[in-house]
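Heads up: the structure comes next, in structure tokens.
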Amino acid sequence: MIQRLFRRPPTAVPQSPAVSEAVERCEHEIRAYEKRYAVTTSAPDWQTPGEVRHVEGDVCGARLICEHAVVTLTWLTPDCLRVTITQDRHDGQEPPAVFPPLRAEVATPVKCELDDGAEVVSLLTETAVCRVDKRAFKLRLELANRGLTYAELGGPAWQPGARARLSLELRRDDRICGLGIRDAAPDLRGQRAPLWNATGEGKARYTAPVIVNVTPTSAGALVWLNPARGTVDCGAGRSSELVIESEDDRLDYIICMAADAAAAVARVTTLFDPLTLPPVWALGYQHRETGVLPDALEIEQIAADYRRSLVPCDVIHFGVSLMDAGRPFTVDAERYPAARDVIDRLHEGGFAVMTDLHPAIRRDETYPTYLNGTTRSAYVKYPDGTVVHGAALPGVCAFPDFIRADVRQWWVEQMAALVRLGIDGFIQEYAEPTILRTAGPNSLPDAAQHGDDTPVSHVQAHNLYGAQMAAATRSALEQHSPVLRHHNVITSGWMGSSAFGFGWYETEDAGWEIVRSSIRAALNGALSGIPLVGVTAKTIGADDGERFTRWLQAVALLPGLSAGRPWMHGQPYALINRLTLELRYRLLPYLYACAAQAREYGVPIIRPLWMADPANAQLSKIDDAYMIGEHLLAAPVITPDTHERRLHLPAGYWYDFWTHELHEGRQTITVPASLERLPLFVRSGTALPLWEPMQHVKSYTPEQITVRIYPGDGETALYEDHGEGTAYRHGEYRWLYFTCEWDTDMRFAVRFRVAGTNFFQTYRRMLIEIVGINTEPVEVRLDRQGAPVWYYDKGRLEVLTDGNFSRIEVEFHADPQSVTRKRRG
């Protein structure tokens, strides 16, 4: 067991003079190559496909021979259309292949009907129609019974060998969202967003060119498959026009249509491989402190403090402290003289272990990884074959060329020792990649080349770099530790990267606004097809306990959560933060079910409030509250000295999680919000699973689980498996469905069924707890028979079962006075 150790603060990361020297040395080289390969020719004129001159029916679509290009229209599904425009390239380069590749299942043939008219070409599926203006190629897409969903204004255009753009029509009621994990308003209209993964104020490290357009009757999503540096103008230049533009002439995009935003995001997510279901411990609390270099004693001290203070925690992050001089795949023998023993003791204490991993490989003739990479020619190079060097924390560094499959496999080989050491997961830092410069962008120079047989410039490859690194890291975890599930955290990614791990948001301290920023960034990520999104609530000033406490509450129910020591600000904050984390752990089975639904159906886990009630204009600008799945609503406090919370509720009926008070939707309410309480609401008709408080998930082997029922009409889908390992891929899981309904005005019923029989849960009893009932029942029946064990007190009914039942009925003689019985469906 981890023993109690003496207390001392972790060592701060030193500012090495060698880093400053590395910056100066690399800057001279980079500027010389930038000058050498600077583009001096003027950009060619813009071209468009022009008039449609010939139409050929094709598999799942059509091939249009236009004046200046060939356009291939392919229905990937009955409501998702891919548009590929082929023109002669003038630079001799081919753009990188779509990465991550589209899911194989997407290629299933879609039946469509082609109508080649005099002025319009129509492609019809069972649910949608695409119309092409033959005079000047432009698309308009309609969803059956939903009207116009997508319309091109200027349409597609390109500068041969230089740029591509797409101009879309923006209508007055359209809402624009998505574009990756970025701190931005819930409606991006009027903004101009860069498509370039970068650190720094106003920038996004994890961009995703997914533009979700929500109309009053439907929703559409544009997936832009050009990974080059670009921008999206969401009506900033012209209020009626959205323009996406990239510095490469590739025109390849997908249009998805759906009845609502959640379904549109699901369409996008399912275009790519599904997310890997995380181990349950990855949804637990993760200790992570940035800017420090703890040694083995300090790490074990922190772990012991968690267990002694009864604060739940499942993961200890080593940060960069495990590396020797910041060099990946090394272990600092001075700070960790017996690293394997430390990791083993942490595992015994119930902690998973994670460490930082960055792509900067220090130029060092004594560093085996650098020498091996040199021998394998694994690094990004200039056109003349010289390796590109940039300054980073380790010093002068080379950067693996992850565009190449052989280099990704080389990375897998390098990771073997760390995985076998017992590291359970990694957080990818500075994988944009980021370099340190005296001036100019903090990324590799544009002239850098990626790839082997058909190299592409860094302008084209930069945004894919972190995603390719994430793919390699995920492969390494699966190859070197195949029987376990792992946790891979991606701070710099691209669309489709959720198949490789959690998307993550970290930012520098920005006062109280940082609390709102964390929520906004997570929501934009979720709307970009990144279901597993997390936030690090960084350690802040010792005298700012209130802000840290409110920040921790605000992000407590996101899919991923990491922060520093919750007790660092003393009382009362230490106790309140422990209670916040206990709330998260009580709700872990619900969060896990949301993750399983995201894997199965592609739906976002967290959602803005307007998605629960799209017609309600008062929800449209709320960016300080969020839904977790379909059933929970969190409304954190994000301002100081605040003791109540005003909130406009979506349609329906909502129970206060803490008091069980019922509120009708589509009204503004004010609820108490003292420092120790996160305002939290549950939709009526919900079956909410609750675990008991615990220190870590590996210690939790319950004999009994509680399912709390909130009266009303609705269905809840829950999911169970081992929580670890890969058996779920082979059918060892089960879905649990609870249907709640008022049969009559005097009888409330809960129907229960299980799908999947290859998994058997460890608990033997299921306690059904029905709250919000202000009248004592006269009878409780279990599968039409009198329930053997039930208890009622102060609005709470408890029915103890063995989990093997199909129906519970609660009968009243007096009017239960629940307005939820007036609402059906």
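The values are calculated or read from the model by the stated rules, or taken from the named source; none is laboratory data. It should be emphasised that the depicted structure is a prediction, and the values quoted were computed from it without experimental measurement. Because the Cβ atoms are built from the backbone with ideal geometry, glycine has one as well, and the counts that use them run over all protein chains shown. Side chains are part of the model used for accessible areas, which takes the heavy atoms of the whole protein and leaves out ligands, DNA and RNA. Shrake-Rupley method; radii C 1.70, N 1.55, O 1.52, S 1.80 Å.
Entry comment: accessible area of the chain is 38 Å² per residue, from protein heavy atoms only and a probe of 1.4 Å. With the helix formula -39500 (n - 2.57) applied to DSSP H stretches of n ≥ 4, the chain reaches a computed 222 nm mean residue ellipticity of -6000 deg cm²/dmol.
Our coupling estimate for the stretch 134-141, obtained by passing each phi through the Karplus curve with A = 6.51, B = -1.76, C = 1.60 and θ = phi - 60°, is 6, 6, 9, 3, 8, 10, 9, 10 Hz, Gly and Pro reported as x. Taken along the Cα-to-beta-carbon direction at a fixed 7 Å, the label points for ASP45 and ALA617 span 4.6 nm.
Sites count as exposed loop sites when they are GluC sites (Glu not before Pro), lie in a DSSP loop, and have at most 14 other Cβ atoms within 10 angstrom; the longest stretch of the chain without one is 509-660.
Sorting the segments 549-559, 665-675 by their mean number of nearby beta carbons within 10 angstrom, highest to lowest, gives 549-559, 665-675.
The alpha carbon convex hull volume per residue for the chain rounds to 164 Å³.
Close amide H partners of ARG103, meaning residues 5 or more places away or on another chain with modelled amide H under 5 Å apart, are PHE272, ASP273. Taking the Cα centre of the chain as origin and assigning +1 to Lys and Arg Cβ atoms and -1 to Asp and Glu Cβ atoms, the resulting dipole is close to 700 debye.
In terms of its alpha-carbon gyration tensor, the stretch 358-418 comes out oblate; a/c meets the 1.5 threshold, while b/c is at least as large as a/b.
Counting only protein chain heavy atoms and rolling a 1.4 Å probe, the accessible areas of ARG363, ARG36, ARG229 rank, largest first, as ARG36, ARG363, ARG229.
Assuming a ≥ b ≥ c are the square roots of the Cα gyration tensor eigenvalues, decide whether the stretch 434-558 counts as rounded (a/c under 1.5), prolate (otherwise, with a/b larger than b/c) or oblate. The shape class here is oblate. The share of alpha-carbon pairs in the stretch 676-780 lying farther apart than 22 Å comes to 42%. When DSSP beta bridges are restricted to pairs lying wholly in the stretch 698-784, around 75% turn out antiparallel.
Within the stretch 91-196, the proportion of Cα pairs with more than 23 Å between them is 52 percent. For the stretch 293-349, rounded, prolate or oblate, judged on the Cα gyration tensor with a ≥ b ≥ c (square roots of eigenvalues), a/c < 1.5 rounded, else prolate if a/b > b/c? Verdict is prolate for the stretch 293-349. Close lysine pairs were tallied over the chain: pairs 8 or more places apart or on different chains with Cα atoms under 27 Å apart number 10. A compact globular protein would have a Cα radius of gyration near 2.2 N^0.38 Å; the ratio found for the stretch 700-762 is 1.37. Converting the Cα gyration tensor eigenvalues of the stretch 399-482 into ellipsoid dimensions via √(5λ) gives semi-axes, longest first, of 26, 16, 9 Å. Here the Karplus relation 6.51 cos²θ - 1.76 cosθ + 1.60, evaluated at θ = phi - 60°, turns the backbone of the stretch 64-78 into coupling constants of 10, 8, 9, 4, 10, 6, 10, 10, 10, 10, 10, 7, 7, 9, x Hz, with x for every Gly and Pro.
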